[in-house]
1. Which of the following residues is of a type in the set (Gly, Ala, Ser), at pLDDT 95 or above, over 13 Å from the mean Cα position of the chain (by Cα) and surrounded by 10 or more Cβ atoms within 10 Å (Cβ to Cβ): Gly28, Gly40?
2. Could you check, for the stretch 8-22, whether at least one of its residues is outside any strand (DSSP E or B), free of Cβ contacts under 8 Å to residues at least 40 places away in the same chain, in contact with an Asp or Glu (Cβ under 6 Å, 6 or more places away or on another chain) and loosely packed, with under 12 Cβ neighbours inside 10 Å?
3. Report, by residue number, each residue of the stretch 49-62 that is in a loop (DSSP other than H, G, I, E, B) and surrounded by 11 or more Cβ atoms within 10 Å (Cβ to Cβ).
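The values are calculated or read from the model by the stated rules, or taken from the named source; none is laboratory data. As the structure is a prediction and not an experimental result, all values here were calculated from the model. Methodologically, a virtual Cβ is constructed for each residue, glycine included, from the backbone with ideal geometry; neighbour enumeration extends over all protein chains shown.
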Amino acid sequence: MRLTVLTTAAAELDDAVYYYENELPGLGRRFLNEVLLAFGRIADFPDAYPLLSTQNRRCLLAKFPYGILYHYDKSAAEIIVVAIGHLHRKPDYWLSKPV
């Protein structure tokens, strides 16, 4: 299964890692590890997470208030990470993001 992270989602991830690392040294690394674990779960079980729209699903992080919005194309065996967003800051902005 191929998992691709869109440039905008990668920028959101970088911003969040930077923020957490500035809050507490090592916390950015813990956040990044949590995201990478979630990527693994998404790749292993892409249908396991709820649909937020007709095409997009969301996986919630266990230890941080973030969600990973992704599109799963079964026919292409591809997962596209569309956004990595904070659940309380503009929580629904990613619903309108195109794949």
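1. Only one candidate qualifies: Gly28.
2. No: the stretch 8-22 contains no residue that is outside any strand (DSSP E or B), free of Cβ contacts under 8 Å to residues at least 40 places away in the same chain, in contact with an Asp or Glu (Cβ under 6 Å, 6 or more places away or on another chain) and loosely packed, with under 12 Cβ neighbours inside 10 Å.
3. Applying the first criterion (in a loop (DSSP other than H, G, I, E, B)) to the stretch 49-62 yields 49-50, 52-55, 61-62.
Answer for the stretch 49-62, where residues must be in a loop (DSSP other than H, G, I, E, B) and surrounded by 11 or more Cβ atoms within 10 Å (Cβ to Cβ): Tyr49, Leu52, Ser53, Gln55, Leu61.
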